[in-house]
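See structure below.
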């Protein structure tokens, strides 16, 4: 029973880190990367699909992303989707190719992005702690129903705490890497 609670907590904590990694991917650094456009949705014949399913997205150089739609009729729709995605990007169209030039980040903007990244990391830590709280309450519930002993409860809570510590260390490591990436000129 405690193993089930532990495995559930581990899955939920891993999911939290995965979501945080996605959030970090959305935050623009000075370099061009296709992950910036991962969450852009395009109206493709009446249904919203990710940009990568309607066009070829590639990095041309350190500051330029190219988007080449599969169909010529999609150029305007894709351009509009990128502009309305609230990423602060201005695409320019040359025939069938959409180019997105990333402007260089100022020192002030870099500091603002670091604050955003730190807030995302703190949200991740809070989510991991919430999973720990849920797991510990489940263990206490088992003790209350006399399905486990007090020693089992203590051992289970220690395992959950070790798991929590490992995930918070991973979050801190990801945060440090992203901060360094943002502040690199």
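The values are calculated or read from the model by the stated rules, or taken from the named source; none is laboratory data. From a predicted model like this one, the values you see are computed outputs, not experimental measurements. Counting neighbours? That spans all protein chains shown, and the Cβs are built from the backbone with ideal geometry, glycine included.
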Q) Any residue at all in the stretch 67-76 that is under 21 Å from residue 178 (Cα atoms), in a strand (DSSP E or B) and either at pLDDT below 85 or not assigned by TED's automatic domain parsing to the domain that holds residue 179 (or both)? A) no
Q: Quick one: in the stretch 135-185, of everything that is touching a residue at least 12 places away in the same chain (Cβ under 8 Å) and loosely packed, with under 15 Cβ neighbours inside 10 Å, which residue is farthest from residue 13 (Cα to Cα)?
A: 185
Q. Considering the stretch 91-110 alone, what residues qualify as being out of contact with any strand residue (DSSP E or B) (no Cβ under 6 Å at 6 or more places or on another chain) and loosely packed, with under 13 Cβ neighbours inside 10 Å?
A. 94, 95, 103, 104, 106, 107, 108
Q: Determine which single condition residue 118 fails, assuming it passes every other condition in (1) part of a helix (DSSP H, G or I); (2) in the same structural domain as residue 11 (by TED's automatic domain parsing); (3) surrounded by 15 or more Cβ atoms within 10 Å (Cβ to Cβ).
A: (3)
Q) Going by the conditions given, is residue 124 modelled with pLDDT of 90 or more, in a helix (DSSP H, G or I) and within 18 Å of residue 16 (Cβ to Cβ)? A) yes
Q: Check residue 112 against each of (1) under 19 Å from the mean Cα position of the chain (by Cα); (2) in contact (Cβ under 8 Å) with a residue 40 or more places away in the chain; (3) over 23 Å from residue 164 (Cβ atoms) and name the one condition it does not meet.
A: (2)
Q. Restricting the search to the stretch 77-88, which residues are surrounded by 14 or more Cβ atoms within 10 Å (Cβ to Cβ) and either over 22 Å from the mean Cα position of the chain (by Cα) or in a loop (DSSP other than H, G, I, E, B) (or both)?
A. 77, 78, 79, 85, 87
Q. Name the residues in the stretch 42-64 that are outside any strand (DSSP E or B) and surrounded by 14 or more Cβ atoms within 10 Å (Cβ to Cβ), would you?
A. 51, 52, 54, 63
Q: Go through the residues of the stretch 23-32 one by one and say whether even a single one is over 30 Å from residue 153 (Cα atoms) and in contact with a strand residue (DSSP E or B) (Cβ under 6 Å, 6 or more places away or on another chain).
A: yes
Q | Test for residue 20: is it out of contact with any strand residue (DSSP E or B) (no Cβ under 6 Å at 6 or more places or on another chain), within 30 Å of residue 134 (Cβ to Cβ) and either surrounded by 14 or more Cβ atoms within 10 Å (Cβ to Cβ) or touching a residue at least 60 places away in the same chain (Cβ under 8 Å) (or both) | A | yes
Q) So is residue 168 more than 18 Å from the chain's Cα centre (by Cα) and at pLDDT 90 or above or not? A) no
